[in-house]
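The values are calculated or read from the model by the stated rules, or taken from the named source; none is laboratory data. The structure presented is a predicted model; accordingly, all values stated were derived computationally and were not measured. Here the Cβ positions follow ideal geometry from the backbone for every residue, glycine too, while neighbour counts run over all protein chains shown. SASA here: full protein model, heavy atoms, side chains in, ligands and nucleic acids out. Shrake-Rupley method; radii C 1.70, N 1.55, O 1.52, S 1.80 Å.
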Amino acid sequence: IWEYLLDGRQARTPRGLRIEPIELLAEKDRAVMLRRNYREIGKRGIGVGYPLGVNLAYDAEQLRLAMIWKGKFADPGAAWRGQGSGAVRPLGTDVIRFRRGPDVDDQESPWVVDEGRPPDHQFTGYQLDDRGRPTFSYRVGDAEVRDGFEDIHDDQTDQVVLKRTITVTPTQSSLSLLLRLADGKKIVRLDDGAFQIDESLRVRPSGSSQATVRSSGDRQELIVPIDLADGRIQVAALYRW
C-alpha cells in the first residue's frame, strides 16, 4: 500500500478494482451466438460473431436485422455479472444500426411501428449450418420467411462481406409483401447495381431483384417488392461497410 501511495497522482487504479471486459470470440471456422439484451433492441436480441470479423445483432421481437459491425464481437459482462440486467456491448468498430419495424411486411397494410411486437408476425426460431451460422425463420400472415446470413469474401472486391439470403414461401393465399434491406438518410444507386447508403454502407442485391429506393419520413429505404402469386421468392444481398 505504501509503495502505491508513493506514486501520488500518477498512481494507476489497483488491479482488481476495475472490471475488465469479457470478450466472446468466434472460433477459427465457426460462428459464436449470444442471445441477450442489446441496447436499442431489447431482451430478444440475438448477436452473431463470424470468423471473418463481421458481426450482427438480430431483433427476434420485431423480426429485423438491427445492427452490424466489424472486428471484435461482444462483451456480455453487464448481462452476465450481478443479476444479469445489463445489456451486451459490441466491441468492434464501424457500427451501423437500422430502423425499427419488421424487414418483411404486408405491402398493402404495413404495421404502424412502435416498441412492441408486430401482430401479424411470429418468430419460429432459427437453424444453424455446419459452421454455426444461423438462418432465422418467422411467419408473416400465411407466408413463411427464412432470413440467413453468411460471412464470405466478395469475388468482385475480394473484401469480407455479409451475405444475406431471404426466402419467402406462401402457404395458402398469395400476399403482396415488401422487403426492406437497409435504410439511411441518403441512398444512391451505383453503376454496378449496388446501392450506397449514406457514406459507410454499400448493399448489392441479387441481379434478379427489383430493388428500389423510397422515402419514409426523414429517411430513405432500400426495398424489394415481393409478389408471391407465382410461389416461392428468394432475394440475396451483399452488405459491405
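Key figures
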{"quantity": "Cross-chain or 6+ apart pairs with Cβ under 9 Å, the range 202-223 first and loosely packed, with under 11 Cβ neighbours inside 10 Å, then assigned to a loop (DSSP other than H, G, I, E, B) and modelled with pLDDT under 95", "calculated": "GLY207/GLY193"}
{"quantity": "Residue among THR169, THR157 that alone is touching a residue at least 12 places away in the same chain (Cβ under 8 Å), hydroxyl-bearing (Ser, Thr, Tyr), in a strand (DSSP E or B) and more than 16 Å from PHE98 (Cα to Cα)", "calculated": "THR169"}
{"quantity": "Filtered residues of the range 33-65 (kept if among the hydrophobic types (A, V, I, L, M, F, W, C) and open to solvent by less than 30 Å² (accessible area, probe 1.4 Å))", "calculated": "LEU34, ILE41, ILE46, VAL48, VAL54, LEU56, ALA57, ALA60, LEU63, LEU65"}
{"quantity": "Of residues in the range 224-238 being open to solvent by less than 10 Å² (accessible area, probe 1.4 Å) and at pLDDT 95 or above, the one farthest from ARG139 (Cα to Cα)", "calculated": "ALA237"}
{"quantity": "Members of the range 193-206 found to be out of contact with any Lys or Arg (no Cβ under 7 Å at 6 or more places or on another chain) and part of a loop (DSSP other than H, G, I, E, B), listed by number", "calculated": "GLU199, SER200, SER206"}
